[in-house]
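Notes to accompany the following structure.
The values are calculated or read from the model by the stated rules, or taken from the named source; none is laboratory data. This one's a predicted model, so the numbers in the text were calculated from it and none came from an experiment. Protein only, heavy atoms only, side chains kept; ligands, DNA and RNA dropped before computing areas. Shrake-Rupley method; radii C 1.70, N 1.55, O 1.52, S 1.80 Å.
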Amino acid sequence: MLRPKLPDVPTPPTLPVTPQQTQAPAPSAGRPVAPYVGLGVGAVAAVVVVGIVLTALLAAVAVSAVSVAVAAVVLRSLVNGAHKR
């Protein structure tokens, strides 16, 4: 039967291999990095703690608002029931 003719796969060009050059490490600026890393960790920890506290306060306010709304609905139904009798 009829078979499709596939194109020939081109061979990739060969590149000359060059040896890799190694560089000497750059001299440091003389300032230690450790205090800045410690400051960053402390700042991140403080932000996380503040975020947790604010989230807890927001959840407490939301729960209080829902409970006040439920109490208002119950009181309203009790007052309306008393007026109808």
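Say we look at segment 21-43 and pick out the residues that are open to solvent by 90 Å² or more (accessible area, probe 1.4 Å) and in a helix (DSSP H, G or I); which of these is modelled with the lowest pLDDT?
So, considering only residues that are open to solvent by 90 Å² or more (accessible area, probe 1.4 Å) and in a helix (DSSP H, G or I), the one modelled with the lowest pLDDT is TYR36.
Out of (1) in a loop (DSSP other than H, G, I, E, B); (2) hydrophobic (A, V, I, L, M, F, W, C); (3) at pLDDT 75 or above; (4) open to solvent by less than 100 Å² (accessible area, probe 1.4 Å), what's the single condition that is false for VAL9?
(4)
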